[in-house]
Amino acid sequence: MVLAGQFAQAQVDFDPAVDYDLSGAGPRDIVVDHFNADSAPDLAVTSAQGDGKLTVLLNDGNGDFSDDQPFTVGWSAWGIASGNLDTDSAIDLLATDGNAASNAVYLYKGNGNGGFSALGSLTAGTFPSAVVTGQFNADTHLDIAVASGQGGIMIFTGNGDGSFGSGNAVADAASLAFQDLSVALLDNDTTPDLLSPRAAFLGDGNGGFSRSASFGGEVAVASGRFNNDAFSDVVAITASQIQLWLGNGDGSFSFGSIHAPGGTLSDVAAADLDGDQIADVVVCDNANDRVAVLLGTGNGGLGPPQYFATGSEPQAVAIGDWNNDQRPDLAVPFRNFGEIARVSILLQRPAQTRAGSLQFQQGGISVEETVGSLLATVTRSGGSDGVVSVQYATANISAAARQDYQPVSGELVFGDGVVSRNIQLDIIDDASPEATETFQLSLSNPGGGASLGNPASFVVSIAANDGPPPGPSIFDDGFE
């Protein structure tokens, strides 16, 4: 009899990072969009150290971002967003001034070839730290939300020609300081809602927002579906923890799980990296020069972290398919210890296929004749990719099949990700006095790319429990 086995945690893999120069020092934020006429996603990165630069990196469609289009802005660029702010088809940029005394958000008109020119500015709250775009009211024009590092969110409704209204404050956000802001659909309507690491705000369809939930995050926030319902969930981070909050579909949330991948966390992004329709999480660890990838388990949890090296002090992370292979990739701007800042591009590759080896968990066991049955566990180590198989069969040593044990034979199949399976062996309890007897169960002919490991045999010793067999009688010597 073959019994059910255990499954391994899935993994993803990335090629070693390839780094591209940025024009400014101290990168702070990154946005993904199509800034020229091709279909490849491009990048734009802000510089927060006051050297007045934004860097647009155009993708050649194969994940090469050598074509950079830097331009001077004359102030410390912090948060960044993109969208079509006017009536043409070119994508425009927005960036916040990271000076603590500033209240400006600057708009830049795209020319469709990766170039930008000044479009105007908006006056938001002091130290505008984050900016996002969305259609927050009933018209078809793109609107803007700006979060303040000293408290509050301002909403600017678009006129469709690159100009905007004077701005309205979200009353429920006045007491909260913000480091990040995101757009998501959190309830049952089609109006975009707002997320921060600390709270969720539901849009009313007229450009207004009200607070619907609170979170324990501080640094950054993202959304995705981390369980099997149809509702958006939230991942919020502090400098040391990842928190998952599961959406109830009405703008409220239930606590899901908490994770500590190690290091100092500076940003978070969420997407389905492994193709299982469940969101996964990527966080920057700027203390250890790496990103941590945690795959969603489908029940509101995350698997163990996988670490991938980046440049020094990574500050932000973006996810997109840079080389059009249908696998999400990563872009990670990093400080580079105060030298020329760069962005690490990590292209996802198929996780290395490792079928593994098949062997018994142990080489044998001693049992009483009265045991009834026992399990021989076959394990799969060194990999668990794909479907593999191995044949098995019992053989006599000193025990006799069908007298001392029931013989078995067959093929044991391991599904993709399965790392152990059991074979049941039945022992026959007879009334005949006999010494300890043995038989073995052997593995052979592995299939599906698996190899045969060690031990490949499992020896069962059946201890005597009916007393020793009778010794020679004096009558055996001919005395009658």
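The values are calculated or read from the model by the stated rules, or taken from the named source; none is laboratory data. Worth saying up front: this structure is predicted, and the values here are computed from it rather than measured. In this analysis, Cβ positions are derived from the backbone assuming ideal geometry, glycine residues included, and neighbour counts consider all displayed protein chains. For the accessible areas, the whole protein counts, side chains as well, though only heavy atoms, and no ligand, DNA or RNA atoms are used. Shrake-Rupley method; radii C 1.70, N 1.55, O 1.52, S 1.80 Å.
Taking strands (runs of 3 or more DSSP E) as the structural unit, those lying wholly within the range 288-389 and holding at least 1 residues that are over 30 Å from GLY256 (Cα atoms) correspond to 329-334, 342-346, 357-360, 364-368, 373-381.
Of the residues that make up the range 93-111, is at least one more than 21 Å from GLN315 (Cα to Cα) and within 31 Å of the chain's Cα centre (by Cα)? No, the conditions are met nowhere in the range 93-111. Of all the listed residues (SER232, SER210), the sole one being in contact with a helix residue (DSSP H, G or I) (Cβ under 8 Å, 6 or more places away or on another chain) and of a type in the set (S, T, N, Q) is SER210.
Scanning the range 224-275 for residues that are β-branched (Val, Ile, Thr), outside any strand (DSSP E or B) and open to solvent by less than 20 Å² (accessible area, probe 1.4 Å) yields one hit, THR238.
Does GLY114 count as open to solvent by less than 40 Å² (accessible area, probe 1.4 Å), in contact with a Leu (Cβ under 7 Å, 6 or more places away or on another chain), closer than 17 Å to SER82 by Cβ and not in a strand (DSSP E or B)? Judged against the criteria, GLY114 is a match.
The residue that is nearest to PRO27 (Cα to Cα), counting only those in the range 71-102 that are open to solvent by 10 Å² or more (accessible area, probe 1.4 Å) and of a type in the set (D, E, K, R), is ASP97. Against the numbered list (1) more than 21 Å from PRO197 (Cα to Cα); (2) more than 15 Å from the chain's Cα centre (by Cα), ASP250 comes up short only at (1). One residue stands out among those in the range 325-352 that are closer than 30 Å to VAL413 by Cβ and in contact (Cβ under 8 Å) with a residue 60 or more places away in the chain: the one that is most open to solvent (accessible area, probe 1.4 Å), which is GLN352. Counting only residues that are open to solvent by 60 Å² or more (accessible area, probe 1.4 Å) and either of a type outside the set (Ser, Thr, Tyr) or part of a strand (DSSP E or B) (or both), the range 190-209 holds 3 of them. Of all residues in the range 154-185, those being more than 12 Å from ARG211 (Cα to Cα), assigned to a loop (DSSP other than H, G, I, E, B) and either of a type in the set (Ser, Thr, Tyr) or in contact (Cβ under 8 Å) with a residue 24 or more places away in the chain (or both) number 13.
The single condition among (1) without any contact (Cβ under 8 Å) to a residue 60 or more places away in the chain; (2) in contact with a strand residue (DSSP E or B) (Cβ under 8 Å, 6 or more places away or on another chain); (3) surrounded by fewer than 19 Cβ atoms within 10 Å (Cβ to Cβ) that VAL105 does not meet is (3). Among the residues of the range 138-150, is any in contact (Cβ under 8 Å) with a residue 40 or more places away in the chain, under 26 Å from PRO192 (Cα atoms), of a type in the set (Asp, Glu) and open to solvent by less than 20 Å² (accessible area, probe 1.4 Å)? Looking for residues that are in contact (Cβ under 8 Å) with a residue 40 or more places away in the chain, under 26 Å from PRO192 (Cα atoms), of a type in the set (Asp, Glu) and open to solvent by less than 20 Å² (accessible area, probe 1.4 Å), one finds at least one in the range 138-150, hence yes.
The residues of the range 308-324 that are open to solvent by less than 30 Å² (accessible area, probe 1.4 Å) and under 14 Å from the mean Cα position of the chain (by Cα), listed by number, are PHE308, VAL317, ALA318, GLY320.
Selection within the range 433-459: residues that are open to solvent by less than 40 Å² (accessible area, probe 1.4 Å) and of a type outside the set (Gly, Ala, Ser). The member of this set that is farthest from GLY383 (Cα to Cα) is GLU434. Every condition in (1) in a strand (DSSP E or B); (2) at pLDDT 95 or above; (3) under 30 Å from the mean Cα position of the chain (by Cα) holds for PHE136 except the one numbered (1). Just a yes or no: is a residue in the range 31-38 open to solvent by 20 Å² or more (accessible area, probe 1.4 Å) and out of contact with any Leu (no Cβ under 9 Å at 6 or more places or on another chain)? Yes, because at least one residue in the range 31-38 is open to solvent by 20 Å² or more (accessible area, probe 1.4 Å) and out of contact with any Leu (no Cβ under 9 Å at 6 or more places or on another chain). What do you reckon, is ARG380 among the charged types (D, E, K, R) and open to solvent by 40 Å² or more (accessible area, probe 1.4 Å)? So ARG380 fails the test.
Taken over the range 80-111, the criterion of being within 21 Å of VAL183 (Cα to Cα) and of a type in the set (Lys, Arg) is satisfied by no residue. Say we look at the range 288-307 and pick out the residues that are touching a Phe, Trp or Tyr at 6+ places or on another chain (Cβ under 6 Å) and surrounded by 20 or more Cβ atoms within 10 Å (Cβ to Cβ); which of these is farthest from ASN228 (Cα to Cα)? Here the residue is ARG290.
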